[in-house]
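Participant: First, the structure itself, so that you have it in front of you.
Nothing in this text is a laboratory measurement; each read-out follows from the coordinates by a stated rule. This is a predicted model, so every value here is computed, not measured. All Cβ positions, even for glycine, are placed from backbone atoms using ideal geometry, and neighbour counts span all protein chains on display.
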């Protein structure tokens, strides 16, 4: 009787353990697929961001560094496709791992999450680099296309007087010699009030009359 009870108790433990493992498998599968849906939403956002940057990049296609930026965007789009493929195949991969057991499912789930995390981090880094290059190139392009402010006109230079000839300077100096009023006959006399009174002019002497005698 005791042996029978022990066997039944052991069988119950195994059944309980089996049910617990099955429940754990179901829970882990559900958690993994829920995480995958979150990653899908994140990939959609990154995809739209990459397409937006690609459109903006066409406006600065002649800017320096365009080849490097284009290479980064190409790598981003390829990596997004690989990550999206992993999310699409996740339900099948999780189901296959669950058939092997809880440990195999746990390992498969962890590896899937790690790959998605690393891939998304690389995509974000490349998008940030491209976005920074586009913003810098757009700013430089706007600066080149902005109208230049007109410069203020410069005042014309004053014309210089022609240099005088050496002979002309001497003649001009002689012609401008001061005249001594005191030495000049008929100079104006100065009265006490300071008013100038013209000096009287003496009449000019008459020539003696010449008497003509007629011959006899």
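Participant: If residue 73 satisfies all but one of (1) under 46 Å from the mean Cα position of the chain (by Cα); (2) farther than 22 Å from residue 120 by Cβ, what's the number of the condition it fails?
Facilitator: Among (1) under 46 Å from the mean Cα position of the chain (by Cα); (2) farther than 22 Å from residue 120 by Cβ, the lone unmet condition for residue 73 is (2).
Participant: A further question follows. Failed condition for residue 82, given (1) assigned to a helix (DSSP H, G or I); (2) in contact (Cβ under 8 Å) with a residue 12 or more places away in the chain; (3) surrounded by 13 or more Cβ atoms within 10 Å (Cβ to Cβ), with all others met?
Facilitator: Residue 82 satisfies every listed condition except (3).
Participant: Scan region 58-72 residue by residue and report those that are in contact with a helix residue (DSSP H, G or I) (Cβ under 6 Å, 6 or more places away or on another chain) and in a helix (DSSP H, G or I).
Facilitator: 60, 69, 72
Participant: Name the one entry in 94, 40 that is touching a residue at least 12 places away in the same chain (Cβ under 8 Å), assigned to a helix (DSSP H, G or I) and surrounded by fewer than 18 Cβ atoms within 10 Å (Cβ to Cβ).
Facilitator: 40
Participant: Further, regarding this structure: Name the residues in region 16-37 that are in contact (Cβ under 8 Å) with a residue 24 or more places away in the chain and more than 23 Å from residue 88 (Cβ to Cβ), would you?
Facilitator: Correct list: 21, 24.
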